[in-house]
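The values are calculated or read from the model by the stated rules, or taken from the named source; none is laboratory data. What you see is a predicted model; the values in this text were computed from it and never measured. Cβ: placed from backbone, ideal geometry, glycine included. Neighbour counts: every protein chain shown. Keep in mind that these areas ignore ligands, DNA and RNA; they rest on the heavy atoms of the full protein, side chains included. Shrake-Rupley method; radii C 1.70, N 1.55, O 1.52, S 1.80 Å.
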Amino acid sequence: RRGWMVIESTRNPRVKAWLSLRNRKERDRTGTFIIEGHREAVRAAKHLEIIESIIREDQTTDGLPSPTLVSTRVFGRISARQNPDGIAVVARTPPMDLSAMEAPPSDVHLIGDGIEKPGNVGAMLRTADAFGTAFVGSALASDLVNPNTVRAAQGSLFSTPIAAAPREEAVAWAANNTSVVVADPDGEIGLWDADLSTGPLSLVVGSEHAGVDPVWLSVGKAVSIPVRGAADSLNASVAAALFVAEAIRQRR
């Protein structure tokens, strides 16, 4: 690394370009997004096209492609973490259309409908990854490569079959290709009694504020999570994990 140039100014055009990827319009325009963290970067490199690696000058490149060294000050400027580890990459955004989504080994698709919080989307992606399902974002409040979603997913975004679509498109796809089960507190069928054991399946979970859009109930059956306490609802990502785990348990 002797003789390598180190970017030391936060006003450098490269630094400004990296910072601009915090903005969705710029992510959409360039077809790229930024991934921070050594573990996430290494995982991303196995699945995505890496455009550039951003390495703090005290770190090793660890085999990541196209490394650019930056000062501690510069990395601190582009980092969204309290204790950054000094590794980030810029990656090509993968295809997000439903027609390009790979079929998951479980034949189960977790659909997040209208989810507002990137942290919940990231947690759902981790659940999908852990249980071998796909994840479909339906009318999400932000894109799947939002920095907060990428951080919350902890690398699961890259190894999970994913898609994002407007609600009407997601509903039509699910109805035409799978059996649809909708998480609904008013559903007469309890989760433990629902048959999730065979065939292509979509499990639809809505936002904590508004729940699942009613259009989903026109194409699927409403299923509720049996609860005994005073709480009338669960965190969206927790509800998603329960539905996915029960479906996979029935298919084991």
| request: Compute the distance in nm between two label points, each set 7 Å from the Cα along the Cα-to-Cβ direction, one at Val238 and one at Asn83. | output: 2.7 nm
| message | If N is the number of residues in the range 102-193, what value comes out of its Cα radius of gyration divided by 2.2 N^0.38 Å? | response | 1.06
| said: Sorting check: for 86-93, 63-70, which peptide has the highest mean count of neighbouring beta carbons within 10 Å, and how do the rest follow? | reply: 86-93, 63-70
| query | Measuring from label point to label point, each 7 Å out along Cα→Cβ, what is the Arg39 to Trp192 span in nm? | reply | 3.3 nm
| said: Out of all DSSP beta bridges in the chain, what portion is antiparallel? Express it as a percent rounded to 5. | reply: 25 percent
| message | Cut-off under 24 Å on the C-alpha distance; same-chain residues fewer than 8 positions from Lys117 excluded. Which lysines are left, in chain and number order? | response | Lys25
| remark: Counting only DSSP beta bridges with both partners in the range 149-252, the antiparallel fraction in percent, to the nearest 5, comes to 10 percent
| Roughly to the nearest percent, how much of the accessible area of the chain is carbon and sulfur, given a 1.4 Å probe? | 48 percent
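With each run of n ≥ 4 DSSP H residues scored as -39500 (n - 2.57), what mean residue ellipticity at 222 nm is computed for the chain after dividing by its residue count and rounding to the nearest 500 deg cm²/dmol?
On the way: 9 runs with 84 residues, N = 252.
Helix-only estimate at 222 nm: -9500 deg cm²/dmol.
Report the convex hull volume per residue for the range 66-111, counting only C-alpha atoms, in Å³.
Numbers: hull volume 7.7 nm³, N = 46.
Normalising the Cα hull of the range 66-111 by residue number yields 167 Å³.
Convex hull over the Cα atoms of the range 1-98, averaged projected area in nm²? Write down the numbers at each step before the final one.
Values: hull surface 26.5 nm².
One quarter of the hull surface, i.e. the mean projection, equals 6.6 nm².
In debye, nearest 20: dipole of the range 53-110 around its Cα centre with unit charges on the Cβ of K, R (+) and D, E (-)?
Numbers: 5 positive and 7 negative charges, 79 e Å.
With only Lys, Arg, Asp and Glu charged at Cβ, the dipole is about 380 debye.
Over the range 178-252, with the other protein chains present, what is the accessible area per residue in square angstrom, probe 1.4 angstrom? Display every interim value, and only then the final one.
On the way: 3970 Å² over 75 residues.
For the range 178-252, the per-residue accessible area is 53 Å².
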| request: Just name one of Thr68, Ile111, Ile50: the one whose Cα is farthest towards the positive end of the charge dipole of the range 1-128 (beta-carbon charges, Lys/Arg +1, Asp/Glu -1). | output: Thr68
| Just going by the charge dipole of the chain, with Lys and Arg at +1 and Asp and Glu at -1 on Cβ, which of Gly122, Ile248, Leu201 is farthest out on the positive end? | Gly122
| field | Total charge dipole magnitude, the range 1-70, about the Cα centre, Cβ charges on Lys, Arg, Asp, Glu only, Debye to nearest 20 | value | 220 debye
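Using the Cα gyration tensor of the range 1-45, with a ≥ b ≥ c the square roots of its eigenvalues, what is the shape: rounded (a/c below 1.5), prolate (a/b larger than b/c) or oblate (neither)?
Oblate, since a/c reaches 1.5 and b/c is not below a/b.
Could you give the length gained by full extension between Val6 and Ile248, i.e. 0.36 nm per residue of separation minus their alpha carbon distance, to one decimal place?
82.2 nm
Over the range 86-172, what is the relative contact order in percent, taking alpha-carbon pairs closer than 8 angstrom and at least six residues apart? Write out the running numbers ahead of the final one.
Working: 151 pairs, mean separation 31.1, N = 87.
Across the range 86-172, relative contact order equals 36 percent.
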| request: Distance between Cα centroids, the range 93-125 to the range 185-202: provide it in whole Å. | output: 19 Å
| query | Order of 176-188, 72-84, 138-150 by packing, highest average Cβ count within 10 Å first? | reply | 138-150, 176-188, 72-84
